[in-house]
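Asks: Can you keep this structure in mind? I'll have questions shortly.
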Amino acid sequence: MNYQDTINYLYNCYPMFEHVGGSAYKEGLDNSLALDEHFGHPHLSYKTIHVAGTNGKGSCSHSIAAILQNAGYKVGLYTSPHLVDFRERIRVDGVCISERDVTKFVESEKAFFEPLHPSFFELTTALALLYFKQQKVDIAVIEVGLGGRLDCTNIISPILSVITNISFDHTQFLGNTLAKIAGEKAGIIKDNTPVVVGEATPETRPVFEAVAKRHGAEIFFAEDAPEVITSKPCVAGGRDYDSKSFGFFHGELSGAYQTQNTNTVLSAINVLRGKIGDKGVLLNITDNNVRNGLANISHLTHLMGRWQLLADHPKTICDIGHNVAGWEYLAPQIKGQKYKTLRMVFGMVDDKDVNSVMAMLPKDAVYYWTQASTKRAIAATKIDELGKKHGLKGQIFDNVGKAYHEAKHDADTDDFIFIGGSNYIVADLLCLNDF
């Protein structure tokens with residue numbers, strides 16, 4: 001099998017949530033534990049940090065990895081979904097797993113895993129954990145796929161758990177109240193292992209506290225002792241911060257929501273450095289490592305799709321805004337841009353609260369309704385119908401490329417083009433590779 005044959009095999013033979021939605025979700029850890037035992041519990045060969053949350057877990061995972069890399073550690077990073085290439089999910093010091101390593105894993109191990117009928121994510125997680133052992137990483141940052149308690153990443157024994165925030169998403173699996181969702185996310189809290197919670201609400205805080213107490217886990221709420229004092233966007237991109245422990249520094253990521261993510265990350269770093277908590281110093285990380293890491297995240301880890309600048313004239317931005325909580329930050333940031341005409345390429349998938357998101361979208365924009373190349377995409381015609389109910393007007397395009405190119409064709413140099421609405425819209429856009 002060559003690499004493309006291998007990827008087609010994985011996509012077609014094993015249910016992939018990104019492609020088919022809920023039918024790919026497997027509740028329980030039986031397959032993950034079986035795979036883990038077969039490979040000799042590879043995650044015990046290195047330290048791990050486990051990151052869960054509704055929004056921000058990708059940005060936080062990349063930020064922590066960048067800081068650790070700058071501190072001289074060999075760092076594995078496991079995230080999902082990918083945007084352009086499957087291999088983005090599994091990186092060591094920012095470098096994607098090789099095509100050969102992916103192919104070799106499938107060729108040599110499918111006789112074992114085929115009878116298990118694992119999901120795509122269960123297989124991918126097993127591959128990542130094994131690859132990090134083979135690469136002899138010092139530490140791996142592991143992002144939860146969905147939820148926490150029953151997510152197949154939840155077989156690891158981390159030195160730190162991080163929960164970014166809780167909002168309504170994937171309610172068909174995680175519950176229809178914030179408390180229920182928090183209970184699932186809190187499932188990553190382990191015995192005697194510190195946990196940092198980025199944002200909590202009166203409904204979720206007692207859940208986290210109760211689970212942490214049950215596990216004897218020291219819990220830190222980043223909002224209670226905020227590291228970030230001020231945060232403001234830079235004209236040239238990114239954000240400038242003043243912080244309590246790290247002084248002034250520049251953060252590369254530009255999204256308004258990165259203020260909360262950065263506060264969560266800095267709290268996590270303080271736990272890892274032994275500056276707060278009873279565990280003592282776990283890792284050797286200097287203030288400069290933190291500042292340099294946060295200033296160079298894309299260079300160190302190759303993060304994409306977070307308020308990513310694609311062009312200056314007209315200013316063109318893409319961002320992953322896949323639920324209401326994300327648009328609470330995105331909508332005002334978009335409205336705050338300077339432009340003659342706002343042009344928005346927009347589409348979503350079928351398990352999101354589309355109506356609530358569309359109620360938050362700017363009324364003065366010209367819309368280019370579209371659909372991503374996933375079976376879960378809502379048809380552009382339906383998006384258009386929903387848009388009209390919210391007083392939003394636009395044209396219909398059956399793929400992201402056509403929508404983007406039309407927006408670009410229509411735009412003057414002082415317009416602003418935004419492309420987003422879901423991971424898959426951004427993924428299809430970046431696959432065009434013509435910026």
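The values are calculated or read from the model by the stated rules, or taken from the named source; none is laboratory data. As the structure is a computational prediction, the values presented were derived from the model and not from experiment. In this analysis, Cβ positions are derived from the backbone assuming ideal geometry, glycine residues included, and neighbour counts consider all displayed protein chains. Note: accessible area is taken over every heavy atom of the protein model, side chains too, but ligands, DNA and RNA are not part of it. Shrake-Rupley method; radii C 1.70, N 1.55, O 1.52, S 1.80 Å.
Asks: Kindly list the residues of the range 315-346 that lie in the label zone of residue 413, defined by a backbone N under 16 Å from the point 7 Å along the Cα-to-C-beta vector.
Replies: Taking a point 7 Å out along Cα→Cβ of residue 413, the residues of the range 315-346 whose backbone N falls under 16 Å are 315-316, 339-341.
Asks: For n ≥ 4 DSSP H runs only, could you compute -39500 (n - 2.57) per run for the chain, divide by its residues and tell me the 222 nm figure to the nearest 500?
Replies: Values: 17 runs with 167 residues, N = 435.
When only DSSP H runs of four or more count, the value is -11000 deg cm²/dmol.
Asks: Taking residue 180 as the anchor, which lysines have their alpha carbon closer than 20 Å to its alpha carbon, excluding any fewer than eight residues away along the same chain?
Replies: Partners found: 26, 57, 190, 213, 352.
Asks: For the residue pair residue 13 and residue 242, what label-to-label distance in nm results when each label sits 7 Å from Cα along the Cα-to-beta-carbon direction?
Replies: 5.9 nm
Asks: For the chain, give the magnitude of the charge dipole about the Cα centre (Cβ charges: +1 Lys/Arg, -1 Asp/Glu; no others), in debye to the nearest 20.
Replies: Details: 42 positive and 50 negative charges, 107 e Å.
Using only the charged Cβ atoms, the result is roughly 520 debye.
Asks: Let me ask something else about it. Just to confirm a number: summing +1 for Lys and Arg and -1 for Asp and Glu over residues other than residue 345 whose beta-carbon lies under 15 angstrom from that of residue 345, what do you get? Can you show the working numbers first?
Replies: Numbers: positive: 315, 343, 393, 402, 408; negative: 319, 384, 398, 406, 410, 415, 428, 434.
Here the charged neighbours net out to -3.
Asks: Ordered by packing density, taken as the mean number of other Cβ atoms within 10 Å over each peptide's residues, highest first, how do 76-85, 158-167 rank?
Replies: Those peptides, ordered most packed to least, come out 158-167, 76-85.
Asks: Another question, if that's okay. Distance between Cα centroids, the range 72-147 to the range 341-403: provide it in whole Å.
Replies: Cα centres, the range 72-147 to the range 341-403: 33 Å.
Asks: How much of the DSSP bridge set in the range 269-413 is antiparallel, in percent, rounded to the nearest 5? Could the numbers behind the result be given before it?
Replies: Details: 5 of 12 bridges.
Here the share of antiparallel DSSP bridges comes out near 40 percent.
Asks: Once neighbouring chains are kept in place and the probe is 1.4 Å, which whole percent of the accessible area of the range 308-432 is contributed by carbon and sulfur?
Replies: Numbers: 2600 of 5220 Å².
Here carbon and sulfur together make up 50 percent of the probe-accessible area.
Asks: Please list, or write none, the lysines whose alpha carbon is within less than 20 Å of the alpha carbon of residue 244, excluding same-chain residues fewer than 8 places away.
Replies: Counting by Cα, and skipping residues close in sequence, residue 244 has these lysines nearby: 232, 275.
Asks: Okay, next question. Ignoring ligands, DNA and RNA, what accessible area per residue does the chain give at 1.4 Å, in Å²? Mind dumping the intermediate values first?
Replies: Values: 17300 Å² over 435 residues.
Per-residue accessible area for the chain comes out at 40 Å².
Asks: Still on this model: Given the range 3-301, what percent of its DSSP beta bridges are antiparallel, to the nearest 5?
Replies: Details: 15 of 34 bridges.
DSSP beta bridges in the range 3-301 are roughly 45 percent antiparallel.
Asks: To the nearest 20 debye, what charge dipole does the range 308-432 have about its Cα centre, counting +1 at the Cβ of each Lys and Arg and -1 at the Cβ of each Asp and Glu? Present the calculation step by step, with values, prior to reporting the outcome.
Replies: On the way: 15 positive and 16 negative charges, 37 e Å.
Rounded to the nearest 20 debye, it is 180 debye.
Asks: Also, quick follow-up: Can you give the Rg to Rh ratio for the range 308-432, taking only C-alpha atoms and Rh from Kirkwood?
Replies: Working: Rg = 12.8 Å, Rh = 14.0 Å.
Radius of gyration relative to Kirkwood radius: 0.92.
Asks: Which percent of the accessible area of the range 85-129 is formed by carbon and sulfur heavy atoms (probe 1.4 angstrom)? Walk me through the numbers on the way to the answer.
Replies: Numbers: 890 of 1670 Å².
Accessible surface attributable to carbon and sulfur in the range 85-129 totals 53 percent.
Asks: Right, another one. Any chance you could look up the accessible area of residue 234 with a 1.4 Å probe, heavy atoms only, rounded to 10 Å²?
Replies: For residue 234, the solvent-accessible surface is approximately 40 Å².
Asks: Given C-alpha coordinates of the range 3-301, what is the ratio Rg to Rh with the Kirkwood estimate of Rh? Display every interim value, and only then the final one.
Replies: On the way: Rg = 18.5 Å, Rh = 19.4 Å.
Ratio of gyration radius to Kirkwood radius: 0.95.
Asks: If you wrap a convex hull around the Cα atoms of the range 227-292, how much volume per residue is inside, in Å³?
Replies: On the way: hull volume 4.7 nm³, N = 66.
Here the figure is 72 Å³ per residue.
Asks: May I ask you to list the lysines whose Cα is less than 17 Å away from that of residue 363, ignoring any residue fewer than eight positions away on the same chain?
Replies: Within the straight-line limit of under 17 Å, residue 363 reaches these lysines: 335, 338, 340, 388, 389, 393.
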